[in-house]
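Q: A single structure is presented below for examination.
The values are calculated or read from the model by the stated rules, or taken from the named source; none is laboratory data. If you're wondering where the values come from, they're calculated on a predicted model, not measured in any experiment. No Cβ is skipped: glycine too gets one built from the backbone with ideal geometry, and neighbour counts run over all protein chains shown. All accessible areas refer to the heavy atoms of the entire protein, side chains included, with ligands and DNA or RNA removed. Shrake-Rupley method; radii C 1.70, N 1.55, O 1.52, S 1.80 Å.
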Amino acid sequence: MARAQQGQLATRAKAFRSRSGYHWYKRITMIATQQASFGPCRFCGQTLRKTFVDLGMSPLCESYVPPERLDAMEPFYPLNVLVCDNCLLVQLREYVLAEEIYSEYAYFSSYSDSWLDHARRYVEMAMGRFQLGPQSLVVEVASNDGYLLQYFLAQGIPVLGIEPAANVARVAQQKGIRTLVKFFGRQTAAELAAGGTRADLLVGNNVLAHVPDLNGFVAGLKGLLAPGGTITMEFPHLVRLVEGNQFDTIYHEHFSYLSLLVTERIFVAHGLTIFDVEELGTHGGSLRIYARHAEESDRPVLASVEELRRRETEAGYRRIETYLGFAERVAETKRKLLEFLIAARRQDKRIAGYGAPGKGNTLLNYCGIRTDFLDYTVDRNPYKQGQFLPGTHIPIFPPERLAQTRPDYILILPWNLKDEIIAQLAYARDWGARFVVPIPEVKVYP
Ligand SMILES: [Zn+2]
């Protein structure tokens, strides 16, 4: 801040102090200091100064609103994503404590058929590749409702789930899956290891990017991994987010946005080596990394790692400039989606949503889409039916509502599952409905 500006602010503050008391003075100096920095980087500790994309204020994307709370106040928090100009980790500050988000959670993995298929195929692969048997232990961090561990259990492999959301963990326990209701980190890992628990296979799907204490989490992985054991982690790939314009995968629970380059840096810092990587189609494009203890150098690093590292480097992910061009592309996507919706409503077309996923809520709140565009949305998850979307208050119905009201357009909010959903909704073609996908940019399917 320029010195002249600071002086001006001080004069104004003084005037306020005499007029409105100390309260106003304090408030103005607070605003002045807040603009100076965005706090320390989650990984390297350097002061954050650069914005990757700012989606404005948004409610927590899984805080569905029950009818009796429609008139109550709803907290909104910033969705200002930053990039560290030292280590290039793209990140969201912890505006909301993870404890507050995850104590009760509306996301049950088993409601998606394609995600269950994905889990089943993973288990088949892991059984062969890691020679698991009745003496092994498979631990999954953020094990949700047991959607994955159930398949290991069916093969006679001992399992342990670790899941902080009690309501979700209870469903797993009812299926006979041993589940610890806890947050995972350095301390939980140390407690388990002290009791003799070590993981031969340590799995985490969509959790690495969702922990605020990234260093504590990865240190915990190191602490819980048995000698000769393997870690596999899946998380959305930052490169796919940028290239596919997937800004709606940004929400308060999603603290880090990871490239292979930055993930390797973090793992190396905690004594772990990434020895294989796969690119997956899940969640719009994810990475599955395979890691081991750094000291087990007899297990070679495969060519896949060097190959992806080279591609990320060539695409510019070692330079800050690559990250700074994203925000304008996001704004243009918003304008295009609104143009489509405005034109459709002007022609008196009815539009309904399909799905009530977290990503839908980021999209709808950022674009300002409420019941003025979308009459309602539907979801297969009974937990969400009868409630309203956070912020936009669009009502959520069971899928049968579509056939009853026959909308002209169905906006598919979980666009990553669009093929599965369009196949499920083939009957909507009978009344001439067409499907709309908002990302990477608005597109209509017959
Ligand atoms: Zn950093």
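Q: Which is assigned to a loop (DSSP other than H, G, I, E, B) and in contact with a Leu (Cβ under 8 Å, 6 or more places away or on another chain), of L160, L132?
A: Testing whether each residue is assigned to a loop (DSSP other than H, G, I, E, B) and in contact with a Leu (Cβ under 8 Å, 6 or more places away or on another chain) leaves just L132.
Q: If you don't mind, another one. Let me confirm something: among F38, F43, which residue is modelled with pLDDT of 95 or more and surrounded by 15 or more Cβ atoms within 10 Å (Cβ to Cβ)?
A: Step by step, each of F38, F43 is checked, and only F43 is modelled with pLDDT of 95 or more and surrounded by 15 or more Cβ atoms within 10 Å (Cβ to Cβ).
Q: Right, here's the next one. Look at region 302-358 and say how many of its residues are of a type in the set (S, T, N, Q) and open to solvent by 70 Å² or more (accessible area, probe 1.4 Å).
A: 1
Q: For region 272-295, give me the residue count where each residue is open to solvent by 20 Å² or more (accessible area, probe 1.4 Å) and either in contact with an Asp or Glu (Cβ under 9 Å, 6 or more places away or on another chain) or of a type in the set (D, E, K, R) (or both).
A: Summing the residues that are open to solvent by 20 Å² or more (accessible area, probe 1.4 Å) and either in contact with an Asp or Glu (Cβ under 9 Å, 6 or more places away or on another chain) or of a type in the set (D, E, K, R) (or both) in region 272-295 gives 7.
Q: Has region 137-147 got at least one residue that is at pLDDT 95 or above, out of contact with any helix residue (DSSP H, G or I) (no Cβ under 9 Å at 6 or more places or on another chain) and open to solvent by 40 Å² or more (accessible area, probe 1.4 Å)?
A: The answer is no, given that none of the residues of region 137-147 is at pLDDT 95 or above, out of contact with any helix residue (DSSP H, G or I) (no Cβ under 9 Å at 6 or more places or on another chain) and open to solvent by 40 Å² or more (accessible area, probe 1.4 Å).
Q: With the requirement that a residue be under 30 Å from A356 (Cβ atoms) and among the basic types (K, R), what does region 112-141 give you?
A: Of everything in region 112-141, those that are under 30 Å from A356 (Cβ atoms) and among the basic types (K, R) turn out to be R120, R121.
Q: Does A72 satisfy the condition of being more than 9 Å from the ligand (Cβ to nearest atom), closer than 29 Å to F184 by Cβ and surrounded by fewer than 19 Cβ atoms within 10 Å (Cβ to Cβ)?
A: Here the answer is no, as A72 does not meet what is asked.
Q: Among the residues in region 109-118, are any not β-branched (V, I, T) and not in a helix (DSSP H, G or I)?
A: yes
Q: Now for a separate question. Kindly evaluate V81 against the criterion of being within 16 Å of the ligand (Cβ to nearest atom), crowded, with 19+ Cβ neighbours inside 10 Å and of a type outside the set (K, R).
A: Answer is yes for this residue.
Q: Could you tell me whether C61 is crowded, with 21+ Cβ neighbours inside 10 Å and either free of Cβ contacts under 8 Å to residues at least 12 places away in the same chain or within 16 Å of the ligand (Cβ to nearest atom) (or both)?
A: Criteria not met by C61.
Q: Still on this model: From the list E253, E312, E279, E328, pick out the single residue that is in a helix (DSSP H, G or I) and touching a residue at least 40 places away in the same chain (Cβ under 8 Å).
A: E312
Q: Hey, Q187 hits all of (1) under 30 Å from Q91 (Cβ atoms); (2) at pLDDT 95 or above; (3) crowded, with 20+ Cβ neighbours inside 10 Å; (4) of a type outside the set (F, W, Y) but one; which does it fall short on?
A: All conditions pass for Q187, except number (3).
Q: Check off (1) loosely packed, with under 13 Cβ neighbours inside 10 Å; (2) among the aromatic types (F, W, Y); (3) in contact (Cβ under 8 Å) with a residue 60 or more places away in the chain for W431 and give me the number that stays unchecked.
A: It is condition (3) that W431 fails.
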